[in-house]
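Asker: Okay, here's the structure, questions in a sec.
The values are calculated or read from the model by the stated rules, or taken from the named source; none is laboratory data. Quick caveat, the model's predicted, so the values are computed rather than measured. With ideal geometry, Cβ positions are generated from the backbone for all residues, glycine too; neighbour counts draw on all protein chains shown.
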Amino acid sequence: MATLREYFDKSSQRILTTISTHKAVTTDGEVEIVVQVHYDFESGTKYASLYIPKTKYGRDLYMSLLTQLEEMMKPRGIHDVKLPPPAHFYGMMHVQNGPPDGWMTLIDRPLGEPDNPASNLMFTGTVFFYSDNEISEVNLALLKDAAKQRKLNLRWRGPLFARERSLIERPVAFISYDSRDKEQIARPLAIKLQQSNCPVWFDEFSLGAGDSLRESIEKGLKETAKCVVILSPHYLSNQRWTKVEFNSVFTREIIEERNVFLPVWAGVSVEDVYEYSPSLANRLGIDWNLGLDLVAVKLAQKIGQEAQLPSKNVWRRDMPESK
């Protein structure tokens with residue numbers, strides 16, 4: 001599970017970010033706060049995020065940070081800078097750090113347009129507090145009220161945020177399919193499951209540039225609770241990757257002594273599946289002819305019996321029905 005600090009470090013990766021540290025003085029000592037200012041030159045805005053390590057000072061420290069935010073956001077002194085990937089800005093960015101005057105100069109040079117300095121960007125008033133401390137709902141409400149009085153929009157991200165996001169990002173089911181079924185079956189099903197708060201391992205979602213295909217697939221096959229196998233004529237005739245994936249999951253079932261496969265039958269008969277794997281032919285599957293929505297619901301229900309899914313499923317059930 002990723003830590004809250006990791007999520008803080010990865011936030012706003014698509015825009016330019018400056019990083020500095022701030023010593024917050026308390027009655028019993030100092031706490032080092034990491035301050036990020038995020039500059040969105042496309043929208044002409046900027047906002048801030050602060051990382052507060054676990055500390056005993058609690059609400060008083062947070063209140064103090066709200067009063068010091070404007071000063072902490074000034075591009076003064078030595079900062080680290082995270083540039084966005086080149087694919088996400090069009091032109092050049094000029095960054096002058098520190099000397100000679102101690103201030104950082106940030107300039108965006110968009111294609112065919114004049115320089116756009118960071119000083120032109122409007123502060124949205126949004127500030128994210130990434131805090132490793134738990135906070136009660138009462139104290140959080142008081143803190144947000146104090147922020148509102150300073151015309152700030154406080155967004156709180158604490159340990160619960162890290163736990164929930166980890167659940168969303170950790171695949172709970174692996175989708176094994178033949179590439180010829182990708183457009184019509186695999187991709188729509190993967191997207192529908194993701195939208196149902198059922199994170200899945202799917203090559204487009206789970207593989208990045210430079211990743212080892214074999215290692216990533218093996219990791220997904222070992223760590224996910226279930227393997228959704230799309231049994232189609234293409235799949236049954238494939239003796240390469242899909243056969244390797246099938247054998248890996250079959251071996252896992254033997255070792256763990258439990259059912260891992262969730263078959264989706266797409267245009268195949270019992271005889272076809274029996275010819276491929278006699279044991280799988282006796283496994284209750286879901287017929288693709290039921291339609292994408294119903295198939296996804298049934299799969300998510302089965303997966304949820306053995307894997308912890310994000311809690312959004314709970315509050316969605318509690319929402320009033322639309323009339």
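Asker: Can you confirm whether Pro85 is surrounded by fewer than 14 Cβ atoms within 10 Å (Cβ to Cβ) and under 30 Å from Ala162 (Cα atoms)?
Answerer: When the stated conditions are applied, Pro85 passes them.
Asker: Considering (1) assigned to a loop (DSSP other than H, G, I, E, B); (2) at pLDDT below 90; (3) of a type outside the set (Val, Ile, Thr), say which one His94 fails and leave the rest.
Answerer: Every condition holds for His94 apart from (1).
Asker: If Pro84 satisfies every condition in (1) outside any strand (DSSP E or B); (2) more than 26 Å from the chain's Cα centre (by Cα) but one, which is the exception?
Answerer: All conditions are met except number (2).
Asker: Shifting gears a bit: Here is a list: Leu69, Leu61, Leu50. Which entry is assigned to a strand (DSSP E or B), touching a strand residue (DSSP E or B) at 6+ places or on another chain (Cβ under 7 Å) and within 21 Å of Lys144 (Cβ to Cβ)?
Answerer: After ruling out the rest, the residue left standing is Leu50.
Asker: Mind checking which residues of the range 108-134 are of a type in the set (Val, Ile, Thr) and in contact with a helix residue (DSSP H, G or I) (Cβ under 8 Å, 6 or more places away or on another chain)?
Answerer: Of everything in the range 108-134, just one residue is of a type in the set (Val, Ile, Thr) and in contact with a helix residue (DSSP H, G or I) (Cβ under 8 Å, 6 or more places away or on another chain), namely Val127.
Asker: So, one more: Just give me the residues in the range 191-203 being within 15 Å of Val297 (Cβ to Cβ) and among the hydrophobic types (A, V, I, L, M, F, W, C), in sequence order.
Answerer: If the condition is that a residue be within 15 Å of Val297 (Cβ to Cβ) and among the hydrophobic types (A, V, I, L, M, F, W, C), then Ile191, Leu193, Cys198, Val200 are the ones that fit.
Asker: To continue, here is another question. Check whether at least one residue in the range 291-303 is modelled with pLDDT of 85 or more and over 27 Å from the mean Cα position of the chain (by Cα), and report yes or no.
Answerer: Within the range 291-303, one or more residues are modelled with pLDDT of 85 or more and over 27 Å from the mean Cα position of the chain (by Cα).
Asker: Right, another one. Go through (1) buried (at least 17 other Cβ atoms within 10 Å of the Cβ); (2) under 20 Å from Lys182 (Cα atoms); (3) at pLDDT below 85; (4) not hydroxyl-bearing (Ser, Thr, Tyr) for Leu309 and report which single condition fails.
Answerer: All conditions pass for Leu309, except number (2).
Asker: State which residue is surrounded by the most Cβ atoms within 10 Å (Cβ to Cβ) when the search covers only the range 232-271 and only residues that are touching a residue at least 40 places away in the same chain (Cβ under 8 Å) and in contact with a Leu (Cβ under 8 Å, 6 or more places away or on another chain).
Answerer: Ranking the qualifying residues of the range 232-271, first place goes to Val264.
Asker: Turning to a different aspect of this structure: Take Thr18 and tell me if it is touching a residue at least 60 places away in the same chain (Cβ under 8 Å), polar (S, T, N, Q) and assigned by TED's automatic domain parsing to the domain that holds Leu140.
Answerer: Answer is yes for this residue.
Asker: Follow-up. Which of the following residues is of a type outside the set (Ser, Thr, Tyr), at pLDDT below 75, over 20 Å from Val268 (Cβ atoms) and over 16 Å from the mean Cα position of the chain (by Cα): Leu207, Leu221?
Answerer: When all the criteria are applied, what remains is Leu221.
Asker: Follow-up. Taking the range 253-271 on its own, how many of its residues are out of contact with any strand residue (DSSP E or B) (no Cβ under 8 Å at 6 or more places or on another chain) and either at negative phi or aromatic (Phe, Trp, Tyr) (or both)?
Answerer: Here the count works out to 8.
Asker: Checking Glu30 against (1) of a type outside the set (Gly, Ala, Ser); (2) in contact with a Phe, Trp or Tyr (Cβ under 9 Å, 6 or more places away or on another chain); (3) in a strand (DSSP E or B), only one condition comes out false. Which one?
Answerer: (2)
Asker: Here's a follow-up. Would it be correct to say that Lys46 is assigned by TED's automatic domain parsing to the domain that holds Glu134 and closer than 29 Å to Val95 by Cβ?
Answerer: yes
Asker: Would you check if there is a residue in the range 131-150 being part of a strand (DSSP E or B) and touching a Ser or Thr at 6+ places or on another chain (Cβ under 9 Å)?
Answerer: yes
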